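Everything on this sheet refers to the single structure shown next.
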Amino acid sequence: MITKSKTIEETEDLIIAKRYSRIQRTQHWGNVILMIILFLTGLEIYSGIYVGGAKFTQTIHIWAGLLVFILSWIIYTFIIIGERKITEIIPSPRDFLDVVLIMGCAFGILSDEKYPHYDFYDAEKGKYINKYHPTQKFLATINYIMLFFIAMSGFALYGYIAPGNWTFFANIGDWFMTPLINWGIPIRFFHFLVFAYFLMSTMIHFYFTMLPQNRERLRGMATGTQKIPKAH
Amino acid sequence: MLLPPAAHADDSSNFIASIFDQQGVDLTDGSISPGWENVTYYQMIPEFGENGLVKFANNATHLFSLFVVESNLQWAAIEFEAWDGLCMVDGNDGWTFYIDQNTAAVTVHDEVYKGSAGPPTHDTTNNLQTEVVVDDTPGYHTIEIVRQLDTGDTQDIAYHDGDLIDIKFASSTHHSKGGLSNPTQFGPSDIFFLSVQTTGGDIIVPDTPNRIDYDFWKMIALIMVFFLAFGFMFLHSLIRQYFKPLDHPNPIVSADYVKPTLKYRWETTFGNGKHNGKHNGKTKLESDDKSDLIKEAN
């Protein structure tokens, strides 16, 4: 079923538009909390310095990993398919071109008049058009894929150090990681590299949320609504 | 220190000469076999104490090893087919030397690791022939072990000519807490290669491995992450916040606005600044500031 965004309030100067559904916000903030837990417990495992014991940390880490994997994959898939957001979230060939144009504008190769603007709002129909910056679409899609790899490598690692627990997930992880083992790449190293990707992309994502021009979008992720000025 | 000079008392005693005829290891003489003096390849293993060391040798049928471990350790261990960044991997073969601090007795066990699920279990069949020389060097015990290259035991790793086996050492003072992996300064050793070459009873070398240092590359990856992330943020804020901030158009569009296609974007960007303004039969008004192009085309 399509969840159609509707203008929920209108003042003389502002349109208050529904930007993010409750399920989108749940997925996003659930991810934030779980990622922080994963980062802290991962840091303990990486450093070998444990707060509350190795097994406690290990248990928290694996549970948070499973939850973030399920939360993201199930909800994200629902958003893409159930809410029919395929073209909104999955990058298209035009998004590739837009990224090139954005870079060209940033480095002065193209004038800013050629900048491919995004995030328009049709107040009549009450819906966004080109809602996301193209790099945001790439970020979401790559995150979706990377989450799979970090989860599988995590499950496989758990199987090696805690055999007999979570055998189902450990076996699936082991199966997906077998080519890696055959190539002689340590799974822990691979797990770390995917983490490094998340660390970098999250830092950049966080930077953009703090920019003044994105304040209303961030507000949308907190409350669900965004104030759009009628006149620019 | 390599090894204390071997004071071999009785050359006629039970050498395993038939399988190690050039050097020989006697497991019944109560001392370090003189054959080890000819094994010049060894590795200092700090996990076994400051002067802890390991030697390996083999011939076509047997693996010979000699461990010098600090006597005040509660245990010392070796893991075969060890994984980088992990230790005691489930199912891995290993040997553990338990040192009784009251009696100084050393017990050698052929074991299978169980990950962090529990301590290693003893093999059903012990395939190690051992001799322990207690305190031959003050503060250190020496352990000689002989094992068939292929014991036929499914719980044991089988060595073959040309094998390079990853091995790792740990002790009661150098191991990962709680059985979790990841070497720290107090963790187990880095991985070493055990090279098994059976031609002519050649030397086996637990050498400093010529392999990828993954800890180093992890550090490089982390540095790169911060460099790229902060570099990008700095560059972006410099360009888009200070020098040439973008003036975004009014986000409110009319109902006839149609999402631009790849072709439309290409033509309005590179197509001589003109476009027919039509897409799917509708006029495209991407934004107010671009409508001039469309008006011109119309």
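The values are calculated or read from the model by the stated rules, or taken from the named source; none is laboratory data. Not measured: the values here are computed from a predicted model. Methodologically, a virtual Cβ is constructed for each residue, glycine included, from the backbone with ideal geometry; neighbour enumeration extends over all protein chains shown. Accessible surface areas use protein heavy atoms only, side chains included; no ligands, DNA or RNA. Shrake-Rupley method; radii C 1.70, N 1.55, O 1.52, S 1.80 Å.
For chain A, the 222 nm mean residue ellipticity estimated from helices alone, with every DSSP H stretch of n ≥ 4 adding -39500 (n - 2.57) and the total spread over all residues, rounds to -21000 deg cm²/dmol. Here the label points at B:N127 and A:K125, each 7 Å from Cα along the C-beta direction, are separated by 7.1 nm in the simple model. Taking all protein chains as shown and a probe of 1.4 angstrom, B:F226 keeps an accessible surface of around 90 Å². Of the peptides A:51-60, B:54-63, the ranking by mean beta-carbon count within 10 Å, highest at the top, reads B:54-63, A:51-60.
A:V100 sits among other residues whose Cβ lies under 14 Å from its own Cβ, and their net charge, with Lys and Arg +1 and Asp and Glu -1, is +1. For chain A, complete DSSP H runs whose alpha carbons reach 27 Å or more along their own long axis and whose mean Kyte-Doolittle score is 0.5 or higher are A:22-47, A:54-77, A:134-161, A:187-209. Surface composition of segment A:2-229: carbon plus sulfur atoms contribute 71% of the solvent-accessible area (1.4 Å probe, protein chains only, all chains present). Taking the empirical scaling 2.2 N^0.38 Å for compact globular proteins as reference, segment A:2-229 has a Cα radius of gyration ratio of 1.18. Remark: accessible area buried at the B-A interface is about 5600 Å², both chains counted, probe radius 1.4 Å. Inter-chain neighbour count for A:116-122: the average number of beta-carbon atoms from partner chains within 10 Å of each residue's beta-carbon is 6.
Once the Cβ-Cβ distance of A:I109 and B:H248 is raised to the sixth power relative to R0 = 30 Å, the FRET efficiency obtained is 0.90. Of the residues B:T151, A:T167, ranked by 1.4 Å probe accessible area with the largest first, the sequence reads A:T167, B:T151. Projected label points at B:L262 and A:I49, each 7 Å from Cα along the beta carbon direction, are separated by 5.1 nanometres.
Computed with a 1.4 Å probe over protein heavy atoms only, the accessible surface of segment A:2-229 comes to 49 Å² per residue.
Annotation: for a label point projected 7 angstrom from Cα along Cα→Cβ of B:V134, residues of segment B:86-111 with backbone N closer than 14 Å are B:98-108.
For A:K127, the residues whose amide H sits under 5 Å from its own are A:D122, ignoring neighbours fewer than 5 places away on the same chain, with H placed 1.01 Å from N. Using the Cβ-Cβ distance between B:F232 and B:T173 with R0 = 51 Å, the FRET efficiency computed as 1/(1 + (r/R0)^6) comes to roughly 0.70.
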